[in-house]
């Protein structure tokens, strides 16, 4: 089977990136991570990439006069590396319509809640877990989904739950959710690279399951 090339976009420490690196290196994911791109120079995820001899690139939004030009620069970088699949692993910038069009149904994101709950504009990082605890729900979790033109609205690939404990803090809940993020993101990427994901409307069929 042809080995696909993955481009990973990050903004922070890159723990989900590390889970992808680990799973490609051990052969669980039949793909190569060819480039890691961050909008922040001090993102530790760039160092994770360098430690594994993966091209690490910082593209600073402030150096571009528009969001469209910034996204065009990212697209150019991805194309120069022959990227087949884009994975957003804690990437906090907005993708332009042209970006979505260029990689339609080839962009995967991980979100730290059970979409459609606690998702969309303004829900990222600890803010998600703060909202979950404030609302008083009994379960939360993580969602891997395809990316479309709106925030967290693309077709869902995988979800997994965790119980919300009475004495949880946003930080303690975040750590438990992270553990399942590290499970389901590599699994979704594996399915994509094996050609097992089939989109019909809002539904994603995983062939072979």
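Can you give me the number of residues within segment 160-190 that are more than 22 Å from residue 145 (Cα to Cα) and within 19 Å of the chain's Cα centre (by Cα)?
0
Sort out which residues of segment 16-60 are surrounded by 18 or more Cβ atoms within 10 Å (Cβ to Cβ) and farther than 19 Å from residue 74 by Cα, and write them in order of number.
Within segment 16-60, 16, 18, 19, 20, 21, 23, 24, 29, 31, 48 qualify.
Considering only segment 172-209, state which residues are in contact with a helix residue (DSSP H, G or I) (Cβ under 7 Å, 6 or more places away or on another chain) and without any contact (Cβ under 8 Å) to a residue 60 or more places away in the chain.
Within segment 172-209, 173, 197, 206 meet the criteria.
For segment 80-105, give me each residue that is surrounded by fewer than 16 Cβ atoms within 10 Å (Cβ to Cβ), closer than 15 Å to residue 9 by Cα and either in the same structural domain as residue 198 (by TED's automatic domain parsing) or touching a helix residue (DSSP H, G or I) at 6+ places or on another chain (Cβ under 8 Å) (or both).
94
Going through segment 108-148 one residue at a time, which ones are part of a strand (DSSP E or B) and farther than 18 Å from residue 159 by Cβ? Even if it seems obvious, please write down each step before you answer.
Going residue by residue through segment 108-148, those that are part of a strand (DSSP E or B) are 108-111, 139-146.
Those that are part of a strand (DSSP E or B) and farther than 18 Å from residue 159 by Cβ: none in segment 108-148.
The values are calculated or read from the model by the stated rules, or taken from the named source; none is laboratory data. Here the structure is a predicted model, which is why all the values come from computation and not from measurement. No Cβ is skipped: glycine too gets one built from the backbone with ideal geometry, and neighbour counts run over all protein chains shown.
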